[in-house]
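Enquirer: Here it is, the structure, as structure tokens.
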Amino acid sequence: MIAVLGSANMDIVTEVDRLPRPGETVVGRRICYYPGGKGANQAVAAARLGGDVVFFGKVGRDSFGEQLTVSLRSAGVDTSQVEIESELPTGTASIWVEENGENAIACVAGANGAVNGEYVRRIFDRLVEADVLLLQFEIPLQTIASLLLDLPPDRPVVIVDPAPVAELAGLPLARIDVLTPNRGELQRLTGIADLERAAAHFVERGVRNVVCKAGADGAYWMAERLVHVPSIRVETVDSTASGDAFNAALGCALMQKGM
Ligand code: RIB
């Protein structure tokens, strides 16, 4: 089983000719509402790839929350562990997308911010049944830090997506099997511009593998040495959640390999 502990957001997507600069108004072409959130995106993508997926997280008692739960379920994701926070709205992400696929995102955590230690205690027994656990940083980092400390040493395989980028200092790095920053995140987290040295920085501090997502350039895997894996060429339509799709595919691949 693949467990995803993370966020669910309603993505409010405005298509624009170009992203607005600070203080500027631009006229949008279209607005759409899509189920999103890094956690929910990873869960849906993993289920679409054939994974047996359970999503752990929270939504508000509102129509966005209902729509997100229905969308997870219709992708085949088990939502039995999703809790409803009566006092908080469902998480939202305002997204602007340019014609060339470039985007800018602002998130409001809402119920995702209440994915706390108490919730993790309630779901813990179910969570540790997982073979692979996918985590991202749209829920409180403190929740992730204590969960990592409580997990058994070898299972599940833990894949951490440090997005949106946040300091990893409080996390037990030795309990991370795969850390998956993109290039920008890796540089911001380490202050090191050279990709190989930046990835080695985390391996030296206990992370077992670093997989750096490099967009059209593919990915770079660092364990003992740096390995470049080229990408398959595709036409960019909208790069939103491409990193989430990558992590879901990685989780499914590791699951199939029985790692
Ligand atoms: O990674 C893409 C996701 O980030 C979007 O779905 C949005 O909800 C933001 O959280």
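The values are calculated or read from the model by the stated rules, or taken from the named source; none is laboratory data. Fair warning: this is a prediction, and the values are worked out from it, not measured in the lab. All Cβ positions, even for glycine, are placed from backbone atoms using ideal geometry, and neighbour counts span all protein chains on display.
Enquirer: Can you list residue pairs whose Cβ atoms sit under 6 Å apart, with the first residue in the range 6-17 being among the polar types (S, T, N, Q) and the second being part of a strand (DSSP E or B) and near the ligand (Cβ under 9 Å from one of its atoms)? Count only pairs 6 or more apart in sequence or on different chains.
Expert: Close Cβ pairs (under 6 Å, with a partner that is part of a strand (DSSP E or B) and near the ligand (Cβ under 9 Å from one of its atoms)) amount to SER7/GLY91; ASN9/GLY36; ASN9/GLY91; ASN9/THR92; ASN9/ALA93.
Enquirer: Further question: Looking only at residues in the range 229-254 that are within 16 Å of the ligand (Cβ to nearest atom), surrounded by fewer than 18 Cβ atoms within 10 Å (Cβ to Cβ) and at pLDDT 95 or above, which one is nearest to the chain's Cα centre (by Cα)?
Expert: The selected residue is ALA245.
Enquirer: In the range 7-22, what residues are assigned to a loop (DSSP other than H, G, I, E, B) and either more than 9 Å from the ligand (Cβ to nearest atom) or at pLDDT below 95 (or both)? Before you say what the answer is, go through the steps one by one.
Expert: Here is the first cut: in the range 7-22, the residues assigned to a loop (DSSP other than H, G, I, E, B) are 7-8, 17-22.
Result: ASP17, ARG18, LEU19, PRO20, ARG21, PRO22.
Enquirer: Filtering the range 93-127 down to residues that are under 17 Å from LEU5 (Cα atoms) and outside any helix (DSSP H, G or I), which residue is farthest from the ligand (Cβ to nearest atom)? It would help to see each step written out before you state the result.
Expert: Our first condition is that a residue be under 17 Å from LEU5 (Cα atoms); within the range 93-127, this holds for 109-127.
From what's left, outside any helix (DSSP H, G or I): 109, 115-116.
Details: ALA109: 10, VAL115: 14, ASN116: 19 Å.
In this case the residue turns out to be ASN116.
Enquirer: Moving to a separate point now. For the range 64-80, indicate whether the set of residues that are in a loop (DSSP other than H, G, I, E, B), polar (S, T, N, Q), under 18 Å from LEU5 (Cβ atoms) and at pLDDT 95 or above is non-empty.
Expert: For the range 64-80, residues in a loop (DSSP other than H, G, I, E, B), polar (S, T, N, Q), under 18 Å from LEU5 (Cβ atoms) and at pLDDT 95 or above: present.
Enquirer: Here are some residues: ARG183, ARG208, ARG155. Which one is in contact with a strand residue (DSSP E or B) (Cβ under 8 Å, 6 or more places away or on another chain) and within 17 Å of GLY251 (Cβ to Cβ)? Write out each step before concluding.
Expert: Details: ARG183 fails: within 17 Å of GLY251 (Cβ to Cβ); ARG155 fails: in contact with a strand residue (DSSP E or B) (Cβ under 8 Å, 6 or more places away or on another chain).
Matching residue, one of ARG183, ARG208, ARG155: ARG208.
Enquirer: If you don't mind, another one. Give me the pairs: first residue in the range 23-41 and within 25 Å of VAL59 (Cβ to Cβ) and in a strand (DSSP E or B), second residue hydrophobic (A, V, I, L, M, F, W, C) and more than 12 Å from the ligand (Cβ to nearest atom), beta-carbon distance under 8 Å, and six or more apart or on different chains, which are they?
Expert: Pairs found: PRO35/LEU72.
Enquirer: Further question: Which one of these does ALA130 not meet: (1) within 22 Å of GLY37 (Cα to Cα); (2) out of contact with any helix residue (DSSP H, G or I) (no Cβ under 9 Å at 6 or more places or on another chain); (3) more than 16 Å from the ligand (Cβ to nearest atom); (4) without any contact (Cβ under 8 Å) to a residue 60 or more places away in the chain?
Expert: (4)
Enquirer: Need the failing condition index for ILE95 against (1) at pLDDT 95 or above; (2) out of contact with any helix residue (DSSP H, G or I) (no Cβ under 8 Å at 6 or more places or on another chain); (3) buried (at least 20 other Cβ atoms within 10 Å of the Cβ), just the number.
Expert: Tallying (1) at pLDDT 95 or above; (2) out of contact with any helix residue (DSSP H, G or I) (no Cβ under 8 Å at 6 or more places or on another chain); (3) buried (at least 20 other Cβ atoms within 10 Å of the Cβ), ILE95 fails exactly one: (1).
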